[in-house]
Amino acid sequence: MIDVEELDGLDPELRKSLYLFLREMIRKEKPFLLRSELQDMLADFFEDEEHGRHESALVFEVFRYTQVATIRNPWVYLAVRPEIAKWQYFRFHVEDVLFDEIGASDYLKFDEMQVNNSTQVDEFLLEIDLEPFNREFPKLNEYTYIGKGVDFLNRHLSGQFFQDKKRGHEKLFEFLRLHQIEGKQLMLNGHIETVSGLRSALRKALTFLKKQDPSQKWSGISRHMQTLGFQPGWGKDVERVRENLELLREILEAPTPNILASFLSRIPMIFKLVIVSPHGYFGQSNVLGRPDTGGQIVYILDQVRALEKEMRRQIKEQGLEIEPEIVVLTRQIPEAGDTTCNQRQEDIVGTSNARILRVPFRYPSGEIVPHWISRFHVWPFLERFALDSTQEVHSELKGRPDLIIGNYSDGNLVASLMSKKMNITQCNIAHALEKSKYLFSSQYWKDNEAQYRFSSQFTADLIAMNTADFIITSTYQEIAGTEESVGQYETYNAFTMPDLYRVVSGIDVFDPKFNVVSPGADENVYFPYYEKDRRLTELHDELSDYIYGPPGDWAKGELQDRTKPILFTMARLDRIKNLTSLVRWYGENPELRQEANLVLVAGSLDVRDSQDEEEKACIQEMHRLFEEFDLHEQVRWLGTRLDKNMSGELYRFIADSRGAFVQPALFEAFGLTVVEAMNSGLPTFATIFGGPLEIIEDGKSGFHIDPTHGDEAAGLMANFFSRCRADASYWDTISNNSIKRVEEKYNWRLYAQRLLSFSRIYGFWKYVSNLERDETRRYLDMFYSLKMRSLSH
Ligand code: UDP
Ligand code: LCN
């Protein structure tokens, strides 16, 4: 952190440089300057010898770490991020060259005046501050531990918990007596009444088990174990039961966080799950690529399969005969076109007991909303949806679920409302927080209100983030960014929406509720191109036609030179995905045009097929670019949705041509296509803004590109193809490293194990300690009733 005391006492030369630099800032005549602009300005400024001497002066460090400067003569206000997730605010008076450190509230007030072009501050604007509620709550200290919340919590709380051994043991004993499934008692029965009773029963049980055949099933020992006080749930056979009782004995003797974590991971607590994703077309076919319906659907369906498999394995290990149940809750859309989204229920393929349950949105009159509604406009319907869904879920699962997982801003808000009603553990997954996608989205919320309703969305985000028991993110940067860039969650710590409310402490990314658990790609669909036996070669004629066939209703351009490798991309056609820019970079770069053909799978060719404004604009722009750069013989645009087997084989088909994949988004929260392409063995070029920065190790398992410098990105790709032409082994090296990277880091089996283990650990701590955060809850209830409701209606 920057110590303001050390900034004092500038010598006259330095003072002069500082004055001139501040003047430069004013002369830009911009209300805000971003980090990149300031960095460029600093570089230019220090080129002058006189100023260059001051380059390392502390006062200029402040500018170096500035994320945003708000400028209004004679004031310059700075939001400074000297290290990951740590913020300080400064203000400079340009004429007097005076400066001081200020608080977040004052900084944001200045922002408000700037946006409103006013000199008046609204002193009584609602100010949201969650910090006082969290004072007593354990928090991480080091940013390197962000995203490993469960480890921290376990270490911290187990130390505290067992300090008062007697109380700790009693709480643990109470917790073990809680578990039931369908009216059947698990773990402990009434024969054990106290902690000392538990110790003595443990001793007896372990002596008994020692004499038994380790492979003997629970059924063979259940009678004796039950008379000692032990119910089903301890394990499928003698060996497993012994292991678990030993773990419990160790916890009662000398607990360590690791032993506690492994013991909790084995407790039968999770049988019924609800996963919420209200907006969009949630189905299993004909939905991908529609506006709002992308990776989130793929993620959830793969997640469900992995979770069911893991739950079933664990339940079997626990010696129980129970079918896990997973319900994916979404909205029913009566006018659902060629999708199944008008049906109430749909079994999820590849599972035995998981299903999609669709509950309609209703108008206040009770009438069902018949049509699709953009994710930006679903807010008025969510409260009613949450209430209706609570009932539906209850009757569907014949009781309460054990865990609810929200997805995206709308799903997380519904999960908050439902978890409150049902008193169950809540997990959030953001997928993509819109706030980071749009520059100054909170400051200029009013300008975007008609199109995006950010006021509702950011309010929902704040509420849901704070009510969640734990939050899963796909990458570290999603929480806390990098040294240069701000994390998506981090942007919710302090921000303002002028005339609506000001947040001085919204969510603290040092809170141990954050955990990085990365998704994977379905290994049955996205596997390396060289696994010949598994390949869907039957599709090759069709794929060849897709790529090289004549143009038509859903295909534009006809590739002339089939010997060239293919540069491939596939994404929804919205502004952020930036595919039109990619086409422009390609059009403008003769070397790249010479080296490779470009193939896009995106949106549709006809604006009349689109219901989405952003998509319509992108379609028009794409047609224009074909003409402007005469791309008809080098670019193939497929305006169609491919099912996953087709797209899986397409990645590999393109790998056969020794092609590459490109993901040029202005921002990509995670980027499933990146992982899919990499696992297929395609060298991948992907944006530095968002998840791909973490997925790809630049120059080793792919390449980072900066979409704000398209010419450089195109140059990088052209060089890659020309290098591969000269040395074919280069392509193989990058391809093999990509496959290895995904195998090691992005797989669903690990994901399911970790998620289930977290649910138990957070559930345990919530029960035995004051993790409930009742005070925060009440504050958020008020925020919901007074703000959220009025905004969404
Ligand atoms: N996808 C697909 N067919 C299409 C378009 C997209 O199967 O025609 C899939 C793609 O394979 C990926 C997902 O949709 O699994 C898109 O996820 P990603 O995370 O890349 O982006 P999002 O759309 O969620 O922003
Ligand atoms: C939403 C996004 O925008 C993508 O970046 C993610 O990969 C997808 O959700 C799945 O989490």
Residue list for the stretch 91-124, restricted to those being hydrophobic (A, V, I, L, M, F, W, C) and either without any contact (Cβ under 8 Å) to a residue 40 or more places away in the chain or in a loop (DSSP other than H, G, I, E, B) (or both): V94, V97, L98, I102, V121, F124
Anything in the stretch 421-439 that is more than 24 Å from I297 (Cα to Cα) and either within 16 Å of ligand 1 (Cβ to nearest atom) or at pLDDT 95 or above (or both)? List them, or say none. K421, M422
May I ask you to list the residues in the stretch 626-670 that are charged (D, E, K, R), away from ligand 1 (no atom under 16 Å from the Cβ) and under 16 Å from I566 (Cα atoms)? E633, D656, R658
Condition met for T673 (without any contact (Cβ under 8 Å) to a residue 60 or more places away in the chain, of a type outside the set (D, E), within 16 Å of ligand 2 (Cβ to nearest atom) and over 24 Å from Q560 (Cβ atoms)): no
Those residues of the stretch 501-526 which are within 16 Å of ligand 2 (Cβ to nearest atom) and among the acidic types (D, E) amount to D522
Among the residues of the stretch 190-205, is any touching a strand residue (DSSP E or B) at 6+ places or on another chain (Cβ under 9 Å), open to solvent by 10 Å² or more (accessible area, probe 1.4 Å) and either assigned by the TED database to the domain that holds A261 or over 30 Å from D511 (Cβ atoms) (or both)? yes
Among residues of the stretch 413-437, those that are within 13 Å of ligand 2 (Cβ to nearest atom), crowded, with 21+ Cβ neighbours inside 10 Å, in a helix (DSSP H, G or I) and in contact (Cβ under 8 Å) with a residue 60 or more places away in the chain, counted: 1
Extreme residue, farthest from ligand 2 (Cβ to nearest atom), among residues of the stretch 690-704 that are in a loop (DSSP other than H, G, I, E, B) and either buried (at least 24 other Cβ atoms within 10 Å of the Cβ) or at positive phi (or both): G699
Please name all residue pairs, on different chains or six or more residues apart, with Cβ atoms under 6 Å, provided the first residue is in the stretch 55-67 and is free of Cβ contacts under 8 Å to residues at least 24 places away in the same chain and the second residue is buried (at least 16 other Cβ atoms within 10 Å of the Cβ). E55/F46
Tally up the residues in the stretch 276-301 that are within 16 Å of ligand 1 (Cβ to nearest atom), among the β-branched types (V, I, T) and not in a loop (DSSP other than H, G, I, E, B), please. 3
Taking the stretch 565-593 and keeping only residues that are more than 30 Å from Q296 (Cα to Cα) and buried (at least 20 other Cβ atoms within 10 Å of the Cβ), one is left with P565, G587, L592, R593
Single unsatisfied condition, L605 versus (1) among the aliphatic types (A, V, I, L, M); (2) assigned to a strand (DSSP E or B); (3) open to solvent by 10 Å² or more (accessible area, probe 1.4 Å): (2)
Inspect all residues belonging to the stretch 443-457 and state whether any of them is surrounded by 23 or more Cβ atoms within 10 Å (Cβ to Cβ), in contact (Cβ under 8 Å) with a residue 40 or more places away in the chain and within 14 Å of ligand 2 (Cβ to nearest atom). no
Complete set of residues in the stretch 290-309 that are within 13 Å of ligand 2 (Cβ to nearest atom) and not aromatic (F, W, Y): P291, D292, T293, G294, G295, Q296, I297, V298, I300, L301, D302, Q303
Checking the conditions here, which among P550, P519, P512 is at negative phi, outside any helix (DSSP H, G or I) and free of Cβ contacts under 8 Å to residues at least 40 places away in the same chain? P550
Are there any helices (runs of 4 or more DSSP H) wholly within the stretch 705-793 with 3 or more residues that are within 26 Å of the chain's Cα centre (by Cα) and crowded, with 16+ Cβ neighbours inside 10 Å, and if so which? 728-745, 748-768, 774-783
Here the residues within the stretch 350-374 that are more than 24 Å from Q457 (Cα to Cα) and of a type in the set (K, R) are R355
Subset of the stretch 599-656 [in contact (Cβ under 8 Å) with a residue 60 or more places away in the chain, under 19 Å from N286 (Cα atoms) and of a type in the set (K, R)]: R641, K644
Which of the residues belonging to the stretch 359-383 are of a type in the set (D, E, K, R) and within 26 Å of the chain's Cα centre (by Cα)? R375, E383
Would you mind stating whether E483 is within 28 Å of N737 (Cα to Cα), assigned to a helix (DSSP H, G or I) and charged (D, E, K, R)? no
Can you tell me which of K616, K644 is assigned by the TED database to the domain that holds F703, of a type in the set (K, R) and under 23 Å from F376 (Cβ atoms)? K616
Check T227, T144 and return the single one that is among the hydroxyl-bearing types (S, T, Y), surrounded by fewer than 17 Cβ atoms within 10 Å (Cβ to Cβ), touching a residue at least 12 places away in the same chain (Cβ under 8 Å) and in a helix (DSSP H, G or I). T227
Examine the stretch 242-251 for a residue that is over 29 Å from F162 (Cα atoms) and either in contact with a helix residue (DSSP H, G or I) (Cβ under 7 Å, 6 or more places away or on another chain) or at pLDDT 95 or above (or both), and state whether such a residue exists. no
If we keep just the residues of the stretch 614-642 that are modelled with pLDDT under 95 and more than 15 Å from K577 (Cβ to Cβ), which is farthest from ligand 2 (Cβ to nearest atom)? T640
Which numbered condition trips up I507, out of (1) open to solvent by 20 Å² or more (accessible area, probe 1.4 Å); (2) touching a Phe, Trp or Tyr at 6+ places or on another chain (Cβ under 7 Å); (3) not in a helix (DSSP H, G or I)? (1)
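The values are calculated or read from the model by the stated rules, or taken from the named source; none is laboratory data. These figures come from a predicted structure and were not determined experimentally. Positions of Cβ are backbone-derived with ideal geometry, glycine not excepted, and every protein chain shown enters the neighbour counts. Note: areas computed on protein heavy atoms with side chains; ligands, DNA, RNA excluded. Shrake-Rupley method; radii C 1.70, N 1.55, O 1.52, S 1.80 Å.
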